[in-house]
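The values are calculated or read from the model by the stated rules, or taken from the named source; none is laboratory data. Computed from a predicted structure; not experimentally measured. Methodologically, a virtual Cβ is constructed for each residue, glycine included, from the backbone with ideal geometry; neighbour enumeration extends over all protein chains shown. The protein model used for the area step is the full one, side chains on, heavy atoms only, and it has no ligands, DNA or RNA in it. Shrake-Rupley method; radii C 1.70, N 1.55, O 1.52, S 1.80 Å.
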Amino acid sequence: MEKLIELQDIKKYFVVPNGLLHAVDGINLSIEKGETLGIVGESGCGKSTLLYLLAGLDKADRGTVSTGGRDGKTGNISFILQDYGLFPWKTVAENLSLPLELRGEGRTRRREAVAAMLDELGLTGLGPRYPVQLSGGQRQRVAIGRALITDPDILLMDEPFSSLDALTREHLQRTVLSLWRRRRPTCVLVTHNVPEAVFLGRRVMVLSGRPARKTLWLDNPRFGEEGAAFEETRRVYEALSETKDCL
Ligand code: ADP
């Protein structure tokens, strides 16, 4: 298998009023092309910092970050955040179309891709609405669609469902899984929600410590099967038992 993401011995600190705050300290991570990884760990252990480093939105103070395949090309990266990040003055269709427009795609191709994505997301007919006219779940669906419409090589998700109710959350987990099955981006999901990490992660990385120094990797070949992963979920809870305050 081809590795698409590799972090080696990453250190990241922030300058804070009383000195340096180590957010990530010596983390190693590697992900195969097309794989899904769930990352869980207590609050403040450095999960979001890791994602920002992966996205190239921040720089590590030590270590190397690589997000390229065998051909040496850096993969295209999309990022989904907790709070949707849609432009309120643009319609749903315009929000979905934006990444294609930025890439210089023509009008016809954009219109076709947006219509196909609306169908794929179960939002057929909602293209002319504005984000404020949608439910929270529908807005996050649009955010997921916008992230995937360019068929990125890498999809990063930082607590993408945490502001949604439990049923909507489960629905969207299935939406992400089915989009992943069709498009196969390499996915990294940061979440506090253990069943979610186990449902979506082909592997699960459990971080402990603040900053995290210890990492435990769980292989999870039955990810995506409804109710199949009780044993894996229990193992993640066990691994987190020293840091229960995050759950
Ligand atoms: P997690 O996502 O696991 O909750 P974060 O990666 O957000 O953790 O944060 C790790 C640590 O780094 C926390 O102590 C947090 O307060 C700190 N931190 C994150 N971003 C900054 C920043 N821009 N400036 C200072 N400290 C930060």
Hand me the GluC sites (Glu not before Pro) from the range 1-84 located in a DSSP loop with no more than 15 other Cβ atoms within 10 Å, in residue order please. Glu2
Taking every other residue with Cβ under 12 Å from the Cβ of Lys11 and scoring Lys and Arg +1, Asp and Glu -1, one gets +1
When ligands, DNA and RNA are left out and all protein chains stay put, how many square angstrom of accessible area per residue does the range 20-130 have with a 1.4 Å probe? 51
Once both axes come from the Cα atoms, what is the angle between helix 107-120 and the longest principal axis of the chain, in degrees from 0 to 90, rounded to 10? 60
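Please give the FRET efficiency for Arg107 paired with Ser178, using the beta carbon to beta carbon distance and R0 = 35 Å, rounded to the nearest 0.05.
0.80
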Can you pull out the trypsin sites (Lys or Arg not before Pro) in the range 1-46 whose DSSP state is coil and whose Cβ has at most 13 other Cβ atoms within 10 Å? none
What value in Å³ per residue do you get for the convex hull of the alpha-carbon atoms in the range 132-241? 119
Net charge over other residues, Cβ less than 12 angstrom from the Cβ of Leu102 (K, R count +1; D, E count -1): +1
With the radius of gyration and the Kirkwood radius both derived from the Cα set of the chain, what is their ratio Rg to Rh? 0.97
Which FRET efficiency value, to the nearest 0.05, do you get for Leu81 and His192 by plugging their Cβ-Cβ distance into 1/(1 + (r/R0)^6) with R0 = 22 Å? 0.90
Thr150 to Thr74: extension gain in nm, 0.36 nm per residue of separation minus the Cα-Cα distance? 25.9 nm
Apply 1/(1 + (r/R0)^6) to the Cβ-Cβ distance of Asn18 and Ala166, taking R0 = 35 Å, and write down the FRET efficiency to the nearest 0.05. 0.35
For the range 79-166, rounded, prolate or oblate, judged on the Cα gyration tensor with a ≥ b ≥ c (square roots of eigenvalues), a/c < 1.5 rounded, else prolate if a/b > b/c? oblate
Place a point 7 Å from the Cα of Arg222 along the Cα-to-Cβ direction; which residues of the range 185-200 have their backbone N under 19 Å from it? 194-200
For the range 183-241 the GluC sites (Glu not before Pro) that pass both the DSSP coil test and the at-most-12 other-Cβ-within-10 Å test are Glu225, Glu226
Just want to confirm a number: the relative contact order over the chain, from Cα pairs under 8 angstrom separated by 6+ residues, in percent. 27
Sequence ranges 156-162, 107-113, ranked by mean other-Cβ count within 10 angstrom, highest first: 156-162, 107-113
Of the accessible area of the chain, with the probe set at 1.4 angstrom, what percent is carbon plus sulfur? 50
For the chain, percent of DSSP beta bridges that are antiparallel (nearest 5) comes out at 55
Would you kindly derive the ³J(HN,Hα) couplings of the range 9-15 from the backbone phi angles with the Karplus curve 6.51 cos²θ - 1.76 cosθ + 1.60 (θ = phi - 60°), listing them in order in whole Hz, with x for Gly and Pro? 6, 7, 10, 9, 10, 10, 7
Within a Gaussian network of the chain (alpha carbon springs, distance under 10 Å), most fluctuating of Leu200, Leu51, Leu102: Leu102
